[in-house]
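J.: After the structure tokens below, expect a handful of questions from me.
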Number of protein chains: 2
Amino acid sequence: MASASSKSRPSSAQVSFQERSLIPVGMATILPHAAKQVRHLESLLLSQIGRWGYDEIILPTFEYLDVLAPGLEAELLETCYQFVDRTTGRTLLLRPDATAQVARTVAMGLVGQTLPQRLSYRTSVFRYEPEHAGRGREIFQIGAEFIGVEDVSGDHEVLTMLVECLQAIGLRSFTIALGHVGFIKGLMRRSGLSPQSQKRAEQAAARKDLPRLEEILAEARVAKAAARAIREATELAGREEVLARAKVLAVGEPLLEAPLERLSQLYQSLCSAGYEDLLLLDLGEFRGFDYYDGAVFDVFAPGVGTELGGGGRYDHLIGRFGRELPSTGFALDMDRLFHALNFSDDTDGSVRIDYLVIGPRRAARLVSEVASRLRRGHRRVTQESLKGGDDALIEHAIVAGQAQRAGTVVLVGMPGQDREEVMLIEPLQSRVESRRNGRAHRPTSKKISLAALVKAASSSCRPAKGRS
Amino acid sequence: MASASSKSRPSSAQVSFQERSLIPVGMATILPHAAKQVRHLESLLLSQIGRWGYDEIILPTFEYLDVLAPGLEAELLETCYQFVDRTTGRTLLLRPDATAQVARTVAMGLVGQTLPQRLSYRTSVFRYEPEHAGRGREIFQIGAEFIGVEDVSGDHEVLTMLVECLQAIGLRSFTIALGHVGFIKGLMRRSGLSPQSQKRAEQAAARKDLPRLEEILAEARVAKAAARAIREATELAGREEVLARAKVLAVGEPLLEAPLERLSQLYQSLCSAGYEDLLLLDLGEFRGFDYYDGAVFDVFAPGVGTELGGGGRYDHLIGRFGRELPSTGFALDMDRLFHALNFSDDTDGSVRIDYLVIGPRRAARLVSEVASRLRRGHRRVTQESLKGGDDALIEHAIVAGQAQRAGTVVLVGMPGQDREEVMLIEPLQSRVESRRNGRAHRPTSKKISLAALVKAASSSCRPAKGRS
């Protein structure tokens with residue numbers, strides 16, 4: 001996001017110098033222009049997800065470590081913000097992952113026993129990400145979890161909803177890399193790797209770090225043919241032909257054939273829904289969370305080096321909290337979506353406020369009344385009443401209107417002016433805009449009746465950028 | 001909020017027993033029904049505030065203690081969640097107050113140099129509140145800050161906006177207690193109290209703990225007349241007559257007359273805006289944050305023992321971060337607003353989902369298509385395709401529709417059914433509702449064309465409760 005953080009700095013060098021030591025690494029202040037876009041994105045996404053019958057749940061920002069730990073793998077626990085609860089002496093952790101928290105909540109029965117459950121969330125997760133990665137450590141996410149459906153229609157629903165979400169926010173070009181963790185894990189298990197070596201091999205495969213993967217397989221003395229199959233699977237990506245080739249690697253092994261069959265069904269159903277061009281079958285797809293145990297996927301977009309989000313099936317995660325329930329879901333990283341969407345910055349000089357209503361101090365009450373009537377038409381309106389002579393008022397009004405990026409200045413209570421009459425000054429291009437054009441702006445003034453202004457304000461549809 | 005926490009439990013005793021040890025004290029899981037109402041409240045409030053030209057800013061969840069400390073008083077710092085930053089070894093704290101954070105951000109120049117600034121936020125603040133208080137420790141707030149305006153029009157704007165916010169969310173009955181910290185602080189200063197004794201006396205006065213206040217004044221050997229004035233001021237509340245009585249106490253002391261004059265101006269301007277009936281002048285009004293140094297206010301509503309929110313003027317807070325800027329603002333506590341509004345609970349059996357589209361497995365694609373067309377009309381739609389015989393399908397459809405609180409079940413792909421034809425089953429009152437009425441529900445079925453259904457869905461306005 002266009003946030004002010006130690007990684008993504010505002011333009012003034014002085015501010016960023018100060019900030020480096022004032023704000024913790026990876027934490028961001030999201031300024032008004034970007035915040036508005038973030039909230040707009042959130043609301044588009046949640047409303048799309050809502051149409052699929054998913055209900056938002058709001059989860060606590062921190063939890064007891066011992067309670068949430070069964071849902072978090074060791075590597076993730078190491079990157080958590082942990083601290084001691086003064087009340088109980090137990091260790092607390094800032095939520096590092098929302099899915100584990102939803103799983104904990106569902107297992108506790110808090111959302112009731114009815115199945116399936118469709119839940120969504122918008123939240124931050126907190127992790128010590130490596131500083132050089134340039135990522136935030138307070139990661140804004142929106143996600144959805146579909147709980148209690150085991151069959152392929154569950155995966156289909158979640159992926160379809162994901163595609164519709166990305167389309168709803170106007171992301172023009174994206175690819176969904178789709179795989180099944182069961183296939184490559186099965187190949188590794190078949191190769192005789194020890195659980196420890198397998199874990200390391202999975203991590204290397206997840207990062208597509210082939211040299212490291214080779215090393216691990218060599219150290220573990222995996223047979224040549226088995227090692228070759230693992231390496232090949234890690235890089236096996238494309239369309240339908242991927243499944244054919246994988247079937248050759250899997251032949252005669254039910255442990256490998258079952259995941260492939262499932263992936264094939266899901267792929268076919270998504271293709272027949274018209275999503276073939278968005279999909280990339282990727283048998284090396286892993287996600288990086290240990291709890292995924294079925295079909296998994298990541299979203300990629302041109303120009304963003306990391307995934308925008310992803311998800312998959314976690315049929316045994318909720319069970320770790322005491323209630324076995326097959327489930328699947330996805331999460332989107334708002335920060336990365338924001339980058340992928342290439343939102344405009346705040347220097348385009350566009351209108352932020354519809355009206356600045358301004359008048360002399362003695363007319364303060366009239367200023368309030370006029371502003372209030374304009375707001376009732378859902379316009380964004382600021383108001384001001386001023387000490388000092390009337391001569392300076394118009395001058396001041398123009399300067400203030402430009403500084404606030406008001407579309408129109410409304411002058412009320414001027415000498416000789418009727419209560420039912422106002423003076424409009426417009427257009428008030430921002431100074432940035434004027435400078436860019438090399439033209440001096442030339443606002444003009446006109447008198448109209450208050451009634452006419454109010455009528456125009458409630459019927460006109462020109463949106464001020466800050467409208468909420 | 002109707003949240004599941006150790007303080008506010010869901011109805012099942014078993015769940016709440018589990019929860020007591022599973023969720024940290026004061027932390028809440030806000031379940032779908034309540035979450036929807038919270039988000040709706042948030043959006044009403046932010047949209048009202050937005051119409052006044054306030055822009056939302058999103059602040060980091062934690063900060064360096066040493067950076068934020070100048071804006072937090074000692075008592076508040078003692079109730080903060082603090083922990084050590086692994087990266088720097090410096091102490092971090094979870095945001096205990098949003099105003100101090102906004103002040104820090106403005107002082108750093110992050111939002112630019114233009115004045116005035118109008119900023120809003122929706123956020124959580126975190127504090128170790130006493131367990132017996134029954135309050136949450138993750139406190140949801142919405143607030144607004146008006147920065148850079150010194151005169152009474154700033155206070156007037158913030159209070160008017162507060163009133164409009166409370167009216168916008170449908171709060172029928174509320175009172176705003178309005179005071180000025182300068183008056184009672186001035187009385188205390190005049191009485192010769194030491195700074196330490198004064199601080200303790202202020203705390204006692206803020207809690208309206210008169211016996212404790214008496215004790216402090218007696219220990220400090222404050223002269224009788226001065227002590228009497230302080231006691232009287234602490235309880236001086238009412239309408240205009242309060243100002244007249246206070247003027248008697250203040251006579252000849254500019255230190256006391258100035259705050260009274262300012263409060264009087266503000267009160268008059270609010271009365272002439274028609275708010276007299278909402279206001280209670282309260283010279284003992286304090287807020288409990290040390291940074292307030294002018295007019296202050298709290299909102300109260302019948303049936304809620306503590307204030308719903310409040311605010312006031314803090315002309316020197318931003319200065320503590322290096323940039324002197326007169327400012328004023330307010331914050332509302334979402335949890336308490338929620339209680340004051342008496343939202344309905346989730347047992348009213350109302351419709352949550354507009355349509356459940358259901359069909360046999362072989363018609364899975366048709367199920368998706370029909371559901372998708374209904375969603376395009378902004379309806380909430382769930383979908384399901386089922387294995388098994390067609391006989392069981394209708395039975396299952398009704399049970400599933402009731403469990404999901406669907407308004408209508410749409411059956412597609414049944415034997416002998418045309419692709420362009422669907423079977424509707426409605427009404428599907430929830431079982432709770434039926435039981436309450438002592439009537440068995442009796443859904444009926446009818447066949448209509450898909451085109452007619454889609455047309456009805458896009459034009460009908462019956463809202464499903466979960467609609468976002």
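The values are calculated or read from the model by the stated rules, or taken from the named source; none is laboratory data. Since the structure is predicted, the reported quantities are computational estimates derived from the model, not experimental observations. Cβ: placed from backbone, ideal geometry, glycine included. Neighbour counts: every protein chain shown. Calculation scope for accessible area: heavy atoms of the full protein, side chains included, ligands and nucleic acids excluded. Shrake-Rupley method; radii C 1.70, N 1.55, O 1.52, S 1.80 Å.
J.: Name the single residue, out of those in segment A:385-442 being assigned to a loop (DSSP other than H, G, I, E, B) and in contact with a Gly (Cβ under 6 Å, 6 or more places away or on another chain), that is modelled with the highest pLDDT.
T.: Residue satisfying both the conditions and the ranking: A:V412.
J.: Being in contact (Cβ under 8 Å) with a residue 60 or more places away in the chain and among the hydroxyl-bearing types (S, T, Y) is true for just one of A:S344, A:S327, A:S368, A:S372. Which residue is that?
T.: Working: A:S344 fails: in contact (Cβ under 8 Å) with a residue 60 or more places away in the chain; A:S368 fails: in contact (Cβ under 8 Å) with a residue 60 or more places away in the chain; A:S372 fails: in contact (Cβ under 8 Å) with a residue 60 or more places away in the chain.
Only one candidate qualifies: A:S327.
J.: While we're on this one: If A:Q82 meets every condition in (1) under 30 Å from A:T29 (Cβ atoms); (2) at the interface with another protein chain (Cβ under 10 Å from one of its Cβ atoms); (3) buried (at least 23 other Cβ atoms within 10 Å of the Cβ) apart from one, which number is that one?
T.: (3) is the only condition that A:Q82 fails.
J.: Confirm whether B:F62 is aromatic (F, W, Y), open to solvent by 10 Å² or more (accessible area, probe 1.4 Å) and in contact with a strand residue (DSSP E or B) (Cβ under 6 Å, 6 or more places away or on another chain).
T.: So B:F62 does not fit the description; no.
J.: Going by what's in this entry, would A:L341 be described as more than 18 Å from B:L115 (Cβ to Cβ), modelled with pLDDT of 95 or more and in contact with a Leu (Cβ under 8 Å, 6 or more places away or on another chain)?
T.: no
J.: Looking at segment A:293-312, which of its residues are open to solvent by 10 Å² or more (accessible area, probe 1.4 Å) and farther than 16 Å from A:L337 by Cβ?
T.: A:D293
J.: Considering only residues that are within 30 Å of B:G154 (Cα to Cα) and among the basic types (K, R), look in segment A:313-372 and name the one that is surrounded by the most Cβ atoms within 10 Å (Cβ to Cβ).
T.: Result: A:R352.
Per-residue answers, yes or no, for (1) open to solvent by less than 20 Å² (accessible area, probe 1.4 Å); (2) more than 20 Å from the chain's Cα centre (by Cα); (3) more than 8 Å from every other protein chain (Cβ to nearest Cβ):
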residue	(1), (2), (3)
B:T88	no, yes, no
B:V106	yes, yes, yes
B:G109	yes, yes, no
B:V125	yes, no, yes
B:R137	yes, no, yes
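J.: Another question, if that's okay. Filter segment A:209-226 down to the residues that are aliphatic (A, V, I, L, M) and within 38 Å of the chain's Cα centre (by Cα) and list them by number.
T.: Residues satisfying the conditions are A:L210, A:L213, A:I216, A:L217.
J.: Considering only segment A:247-261, how many residues are touching a residue at least 12 places away in the same chain (Cβ under 8 Å) and within 34 Å of the chain's Cα centre (by Cα)?
T.: Of the residues in that region, 3 qualify.
J.: Right, A:P130: surrounded by fewer than 23 Cβ atoms within 10 Å (Cβ to Cβ), more than 7 Å from chain B (Cβ to nearest Cβ) and without any contact (Cβ under 8 Å) to a residue 40 or more places away in the chain or not?
T.: It is true that A:P130 is surrounded by fewer than 23 Cβ atoms within 10 Å (Cβ to Cβ), more than 7 Å from chain B (Cβ to nearest Cβ) and without any contact (Cβ under 8 Å) to a residue 40 or more places away in the chain.
J.: Here are some residues: B:L46, B:L119. Which one is in the same structural domain as B:G329 (by TED's automatic domain parsing), crowded, with 23+ Cβ neighbours inside 10 Å, of a type in the set (A, V, I, L, M, F, W, C) and not in a loop (DSSP other than H, G, I, E, B)?
T.: Working: B:L46 fails: crowded, with 23+ Cβ neighbours inside 10 Å.
Result of the check over B:L46, B:L119: B:L119.
J.: Next question. State yes or no: is A:G311 part of a strand (DSSP E or B) and away from chain B (no Cβ under 14 Å)?
T.: yes
J.: While we're here: Could you list all residues from segment A:387-404 that are farther than 18 Å from A:E421 by Cβ and surrounded by fewer than 21 Cβ atoms within 10 Å (Cβ to Cβ)?
T.: Correct list: A:K387, A:G388, A:G389, A:D391, A:A392, A:E395, A:H396, A:I398, A:V399, A:A400, A:A403.
J.: Further question on the same structure: Here are A:R51, A:R95, A:R39: which of them is within 9 Å of chain B (Cβ to nearest Cβ) and either open to solvent by less than 10 Å² (accessible area, probe 1.4 Å) or modelled with pLDDT of 95 or more (or both)?
T.: Numbers: A:R95 fails: within 9 Å of chain B (Cβ to nearest Cβ); A:R39 fails: either open to solvent by less than 10 Å² (accessible area, probe 1.4 Å) or modelled with pLDDT of 95 or more (or both).
Answer to the check: A:R51.
J.: Name the residue that is nearest to the chain's Cα centre (by Cα), counting only residues in segment B:370-381 that are assigned to a helix (DSSP H, G or I) and over 15 Å from A:M161 (Cβ atoms).
T.: B:R373
J.: Can you find even one residue in segment A:58-73 that is in a loop (DSSP other than H, G, I, E, B) and either in contact with a His (Cβ under 6 Å, 6 or more places away or on another chain) or among the charged types (D, E, K, R) (or both)?
T.: yes
J.: Return yes when B:T114 is within 8 Å of chain A (Cβ to nearest Cβ), open to solvent by less than 10 Å² (accessible area, probe 1.4 Å) and free of Cβ contacts under 8 Å to residues at least 60 places away in the same chain and no when it is not.
T.: no
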